[in-house]
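Novice: The structure's right below; bear with me while I get my questions together.
The values are calculated or read from the model by the stated rules, or taken from the named source; none is laboratory data. Small disclaimer: the values here were computed from a predicted structure and weren't measured. Cβ coordinates were reconstructed from backbone atoms using ideal geometry, including for glycine residues, and neighbour counts include every protein chain displayed. These accessible areas exclude ligands, DNA and RNA; they are computed on the full protein's heavy atoms, side chains included. Shrake-Rupley method; radii C 1.70, N 1.55, O 1.52, S 1.80 Å.
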Amino acid sequence: MRRTTRALAVVAATAALALAGCSDSGSGGNGGSGAADQPADAPALSDINKVDRDKLQQGGKLRFAITQLPVQWNYLEASGAAVDLNTILGFVSPSNWDYAEDASTTPNENFVKEVKVEDGPPQVVHIKLNPEAKWNNGTPITWKDYEATWKACNGENEDYQCASTDGFNQVANVEAGEDDFDVVITYKSTYPDWTATWSGVWNAESLADAETFNTAQLEGPNTDWHAGPFKIDSVDAAQKVVKLVPNDNWWGEKPLLDEVTFRELDADLAPQSFANSEIDVLQYLISADQYTRVQSRPDGEIRSAGGQQWRHFTFNGNAKNLGDKKVRQAIVRGLDREAIAESDLAGLPIEPSELMLGNHFLMPGQNGYQDNAQDLSYDPEAAGKLLDEAGWTLEDGKQFRTKDGQELEVDYALLAGVPTSENEGKLLQSDMEKIGVKVNLVNKSSDDFSPTLMDGTFGIIAFTWQSTVYPFANIGQIYTCDADNNFSNICNEEIDKLTAEADVEMDEAKRSELGNQIDKLVWEEVMNAPLYRRMEFTAVPKDLANFGAFGLSSGRTENIGFTK
């Protein structure tokens with residue numbers, strides 16, 4: 001499976017925002033900051049029933065549930081960077097690297113034969129491509145595709161609505177080396193997460209101009225621009241099903257599966273569909289009800305590993321009463337985050353207190369992790385003092401605080417039919433009543449999630465970020481002043497300054513220090529408030545091999561199959 005290696009993945013309804021850009025399973029260079037020594041009781045690093053290809057049967061069908069049929073099939077484009085599309089593209093698009101359990105990378109020889117790096121500065125990366133690799137339209141994958149990918153999303157042409165320019169904006173030039181299959185990438189200075197930027201590549205034709213980039217795949221995918229073990233055979237918009245079959249243009253080992261499908265299902269229907277053997281893969285089970293229902297399938301099992309998704313509240317600094325940092329800080333201080341985790345995760349075989357998250361970039365167990373949320377820990381009394389300082393006072397006999405005759409109220413965008421969003425909104429409302437803040441629950445359809453987020457028509461909204469194996473590669477995508485995905489609309493120029501330093505810092509320890517400085521500022525500004533990390537629970541048939549809960553690792557889709 002492809003690893004999401006760049007940053008915009010939102011998991012909303014049950015949706016998740018994945019961090020944007022190229023994504024895949026990888027290898028080739030430095031694979032992020034890796035993992036620290038695992039505590040004895042830590043979650044498994046991966047659980048995929050790893051089996052050699054020769055012990056698996058040829059044939060079979062695998063049916064996935066997804067939360068939403070893609071509305072934009074260009075993953076580089078701002079509205080396309082979602083987890084479901086990333087999952088589909090993992091079967092049909094270039095994946096340059098393979099990722100191990102510790103997130104280290106090696107080249108996927110189907111696409112990349114060899115990599116050499118000159119540390120510089122300037123840093124120069126030489127990627128030797130597999131000459132057999134070709135797009136579905138028959139043209140070979142060459143340095144020109146790398147150049148076009150860079151030019152589309154390096155930020156110099158704002159007509160290209162890229163989800164992120166991170167990494168691309170650090171490149172000075174992309175050119176041919178000895179031949180068309182020798183890519184020479186020269187950086188302006190240094191860039192430690194270069195493998196994240198080049199975890200995949202995009203067909204130059206699909207990037208020819210801004211209109212093509214932004215709109216050509218709004219109605220559906222252009223399969224000529226894909227290259228992978230499988231190809232998209234059909235997209236049934238009425239039934240909301242995407243069907244894949246083995247790619248007859250594929251040059252690598254033959255895929256074991258005969259067919260792969262992705263069906264859009266409501267979160268409350270998907271577990272029963274798995275139990276009824278109507279689907280075969282349900283990823284990221286998030287409630288006790290889901291966990292219990294999928295267990296009723298006789299030939300099914302649940303595979304688990306430490307997950308990369310984290311639940312949180314995003315605050316809109318442009319919304320009513322949320323422009324004041326002290327108000328935002330007070331809300332977090334009055335928020336019982338552990339109680340929310342206990343409620344969301346009730347009945348699951350995990351201890352919520354072990355999943356609490358105090359960092360926006362690093363997961364517990366990763367090198368450099370530190371809990372930077374201490375100054376905003378749960379303390380309703382301190383929350384009240386902050387509100388007093390902000391001029392919001394609680395008068396005798398009044399339920400909510402007032403200032404200049406106005407009640408202190410904020411809006412929460414509640415995604416109807418999404419249990420976590422509903423539950424978190426009600427708990428937020430209850431916690432805020434205790435400190436004199438009125439929370440209006442504003443119902444939104446789950447289909448309205450993306451436009452609500454993009455248009456900024458919310459006060460507070462809860463969704464899930466999909467983290468990546470490159471913890472500091474996408475800071476600029478979400479937290480810098482001009483970032484398209486800075487949904488908080490809050491600007492702190494010191495974050496911009498430190499992000500620019502972190503982007504080029506090659507020393508891992510120094511980079512972690514910079515990342516934690518930024519994290520403290522994000523907490524102080526209350527751009528968003530992490531709630532908890534999710535475990536990666538994946539329901540699959542027992543006889544499915546080389547697929548399940550991957551953690552930081554990846555796998556090749558041609559090797560997914562059923563045991564004999």
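Novice: Restricting the search to the range 148-166, which residues are under 13 Å from Val201 (Cα atoms) and part of a loop (DSSP other than H, G, I, E, B)?
Specialist: Cys153
Novice: Which residue out of Val439, Val410 is touching a Gly at 6+ places or on another chain (Cβ under 7 Å) and surrounded by 20 or more Cβ atoms within 10 Å (Cβ to Cβ)?
Specialist: Result: Val410 is the single residue among Val439, Val410 that is touching a Gly at 6+ places or on another chain (Cβ under 7 Å) and surrounded by 20 or more Cβ atoms within 10 Å (Cβ to Cβ).
Novice: Hey, another quick one. Looking only at residues in the range 214-250 that are among the hydroxyl-bearing types (Ser, Thr, Tyr) and within 20 Å of Arg263 (Cβ to Cβ), which one is farthest from the chain's Cα centre (by Cα)?
Specialist: My answer is Ser234.
Novice: Right, here's the next one. Which is β-branched (Val, Ile, Thr), part of a loop (DSSP other than H, G, I, E, B) and crowded, with 19+ Cβ neighbours inside 10 Å, of Ile185, Ile279?
Specialist: Ile279
Novice: Restricting attention to the range 483-517, and to residues there that are surrounded by fewer than 16 Cβ atoms within 10 Å (Cβ to Cβ) and small (Gly, Ala, Ser), which single residue is nearest to Trp194 (Cα to Cα)?
Specialist: Ranking the qualifying residues of the range 483-517, first place goes to Ala500.
Novice: Kindly indicate which of Asp180, Asp145 is in a helix (DSSP H, G or I), of a type outside the set (Lys, Arg) and farther than 25 Å from Ala103 by Cβ.
Specialist: None of the others qualify; the one that does is Asp145.
Novice: Quick check on the range 309-350: of everything there that is touching a strand residue (DSSP E or B) at 6+ places or on another chain (Cβ under 6 Å) and of a type in the set (S, T, N, Q), which residue is surrounded by the most Cβ atoms within 10 Å (Cβ to Cβ)?
Specialist: Out of the qualifying residues, it is Thr314.
Novice: State which residue is modelled with the lowest pLDDT when the search covers only the range 47-70 and only residues that are open to solvent by less than 30 Å² (accessible area, probe 1.4 Å) and not hydrophobic (A, V, I, L, M, F, W, C).
Specialist: The selected residue is Pro70.
Novice: Restricted to the range 292-301, and to residues that are open to solvent by 40 Å² or more (accessible area, probe 1.4 Å) and touching a residue at least 40 places away in the same chain (Cβ under 8 Å), which residue is farthest from Gly436 (Cα to Cα)?
Specialist: By that ranking, first place goes to Asp299.
Novice: In the range 282-306, how many are within 22 Å of Lys50 (Cα to Cα), outside any loop (DSSP other than H, G, I, E, B) and charged (D, E, K, R)?
Specialist: Here the count works out to 2.
Quick grid of which residues meet (1) in contact with a Ser or Thr (Cβ under 8 Å, 6 or more places away or on another chain); (2) at pLDDT below 95; (3) open to solvent by less than 20 Å² (accessible area, probe 1.4 Å):
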residue	(1), (2), (3)
Gln123	yes, no, yes
Trp135	no, no, yes
Asp159	no, no, no
Cys162	no, yes, yes
Ala172	yes, no, no
Gly177	no, no, no
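Novice: Separate question: I'd like the residue in the range 449-461 that is in contact (Cβ under 8 Å) with a residue 12 or more places away in the chain and not hydroxyl-bearing (Ser, Thr, Tyr) and, out of all such residues, is nearest to Glu264 (Cα to Cα).
Specialist: Phe449
Novice: Could you say which residue among Thr538, Thr452, Thr499 is out of contact with any helix residue (DSSP H, G or I) (no Cβ under 9 Å at 6 or more places or on another chain) and assigned to a helix (DSSP H, G or I)?
Specialist: Going through Thr538, Thr452, Thr499 in turn, the sole match is Thr452.
Novice: List every residue pair whose Cβ atoms lie under 6 Å apart, where the two residues are 6 or more positions apart in sequence or sit on different chains, the first residue falls within the range 230-259 and is more than 24 Å from Glu109 (Cα to Cα), and the second residue, located anywhere, is of a type outside the set (A, V, I, L, M, F, W, C) and not in a strand (DSSP E or B).
Specialist: Matching pairs, first to second residue: Val235/Gly220.
Novice: May I pose another question? Those residues that are crowded, with 23+ Cβ neighbours inside 10 Å and either assigned to a loop (DSSP other than H, G, I, E, B) or basic (Lys, Arg) (or both), I need them from the range 466-482; list them, please.
Specialist: Result: Ser467, Thr468, Val469, Tyr470, Pro471, Phe472, Ala473, Asn474, Tyr479.
Novice: Identify all residues within the range 260-312 that are acidic (Asp, Glu), more than 22 Å from Ser554 (Cβ to Cβ) and either modelled with pLDDT of 95 or more or within 19 Å of the chain's Cα centre (by Cα) (or both); write none if there are none.
Specialist: Answer for the range 260-312, where residues must be acidic (Asp, Glu), more than 22 Å from Ser554 (Cβ to Cβ) and either modelled with pLDDT of 95 or more or within 19 Å of the chain's Cα centre (by Cα) (or both): Glu264, Glu278, Asp299.
Novice: May I pose another question? I want to confirm something. Restricting to the range 210-225 and keeping residues that are part of a loop (DSSP other than H, G, I, E, B) and either touching a strand residue (DSSP E or B) at 6+ places or on another chain (Cβ under 7 Å) or free of Cβ contacts under 8 Å to residues at least 12 places away in the same chain (or both), which single residue is nearest to Asn110 (Cα to Cα)?
Specialist: Only one residue tops the list, namely Pro221.
Novice: Still on this structure: Output yes when any residue across the range 79-98 is open to solvent by 10 Å² or more (accessible area, probe 1.4 Å), among the charged types (D, E, K, R), in contact with a Gly (Cβ under 8 Å, 6 or more places away or on another chain) and in a loop (DSSP other than H, G, I, E, B), and no when none is.
Specialist: No: zero hits.
Novice: Among all residue pairs at least 6 apart or on different chains, which show Cβ distances below 7 Å where the first residue, located in the range 78-96, is closer than 24 Å to Thr142 by Cα and touching a residue at least 12 places away in the same chain (Cβ under 8 Å) and the second is small (Gly, Ala, Ser) and open to solvent by 10 Å² or more (accessible area, probe 1.4 Å)?
Specialist: Taking only residues 6 or more apart or on different chains, the pairs are Asn96/Gly28.
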